[in-house]
Structures are given as structure tokens and as C-alpha cells.
Amino acid sequence: MNTFEDAKINVKLKIAALWTSFMFLYIYVDYFHLYMPGTLEDIMAGKVFTFEISQAFTLAGLMSVSIPAIMISISVILSARLNRKINLIVAALFIPYSLFNLVGEAWIHMFFAATVEVALLVLIIRFAWKWPKEISQN
């Protein structure tokens with residue numbers, strides 16, 4: 001029987017890949033939201049959900065997208081100890097933040113995306129929680 005080679009992947013790369021998947025979904029939910037009737041009209045009228053579109057609103061939106069985008073790099077660059085802590089905290093905070101998209105009129109694509117986003121965040125938490133420990137050479 002042939003056995004396929006299965007390379008061991010560093011936990012940093014696993015977490016970075018999960019953040020990358022999360023980032024794609026995070027952006028595409030907003031993109032597909034544009035197809036919902038009335039969305040473009042609301043944007044043209046200067047509103048998103050119940051928020052007025054302003055410089056502060058767009059800055060807040062960009063900041064919220066920047067966090068998972070930066071987590072991709074952070075997950076590879078930072079030391080294991082700091083990396084683990086930051087991933088546990090940020091992923092845990094993004095679970096309720098991701099579910100906020102379901103407030104108001106939520107279509108099925110938004111429920112699907114929230115489910116997958118939360119699953120990815122739970123996997124990030126799991127990998128960070130179970131971060132492998134170094135074996136001492138004593």
C-alpha cells in the first residue's frame with residue numbers, strides 16, 4: 001500500500017492560513033451585501049445599517065479589516081509565547097464581532113459566512129491553545 005507524504009506544518013503557518021481564510025470571508029460578506037436590495041441606495045444616502053457614513057465610520061471599518069489582515073503576518077513573525085497570547089485574545093474577540101453581521105436583516109449567505117468565520121476562529125483558538133511546547137534537552 002502506498003503512503004502519501006504528509007509534511008509537518010508549523011503551527012504559525014496553520015494559524016496564518018486560518019486568518020487568511022477568515023480574511024477572504026470577512027471581505028466577501030461585505031461585498032455580497034452590496035447585492036442586497038436597498039444597500040446601494042442606503043450607501044448613496046450616506047448610511048450603512050444605522051450608522052452615518054463619515055470619515056470616522058470609514059476609518060473604523062478599515063481598522064476592523066486591518067486587524068485580521070495584520071494577524072496573518074503577526075502569526076508568522078511573532079515569538080511563540082506572544083503569538084499564542086495575541087491569537088487567543090484576538091480570535092476570541094472576533095467571534096462576537098463576526099456574529100454582529102447577523103443583526104438586522106441577515107440573508108442566508110451571512111449566516112453561512114458567520115458559521116464558517118466562527119469555525120475558523122475556533123480553530124485558531126484551538127491551535128493557539130494547544131501550541132506545541134519545546135522539549136528540553138536536559
Listed residue (Ile27, Ile77, Trp131) projecting farthest to the positive dipole end of the chain, Cβ model: Trp131
Neighbourhood charge, 14 Å Cβ-Cβ cut-off, centred on Phe100 and excluding it, Lys, Arg +1 and Asp, Glu -1: -3
Net charge dipole size for the chain [Lys, Arg +1 and Asp, Glu -1 on Cβ; Debye, nearest 20]: 860
Cα-based Lys proximity count in the chain, under 29 Å, for pairs eight or more positions apart or on separate chains: 11
Cα Rg, Dmax, the range 1-42, angstrom units: 18.6, 61
For the chain, radius of gyration divided by Kirkwood radius, i.e. Rg to Rh on alpha-carbons: 1.09
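Sorted from fewest to most neighbouring beta carbons within 10 Å, what does the list Met71, Met23, Met36, Met1 look like?
Least crowded to most crowded, the residues run Met1, Met36, Met23, Met71.
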Residues whose placed amide H lies under 5 Å from that of Lys47, excluding near-sequence neighbours: Ile53
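Readers should treat all values here as calculations from the given coordinates under stated rules, not as data from a laboratory. Computed from a prediction, not measured in an experiment: that's the story for all the values here. No Cβ is skipped: glycine too gets one built from the backbone with ideal geometry, and neighbour counts run over all protein chains shown.
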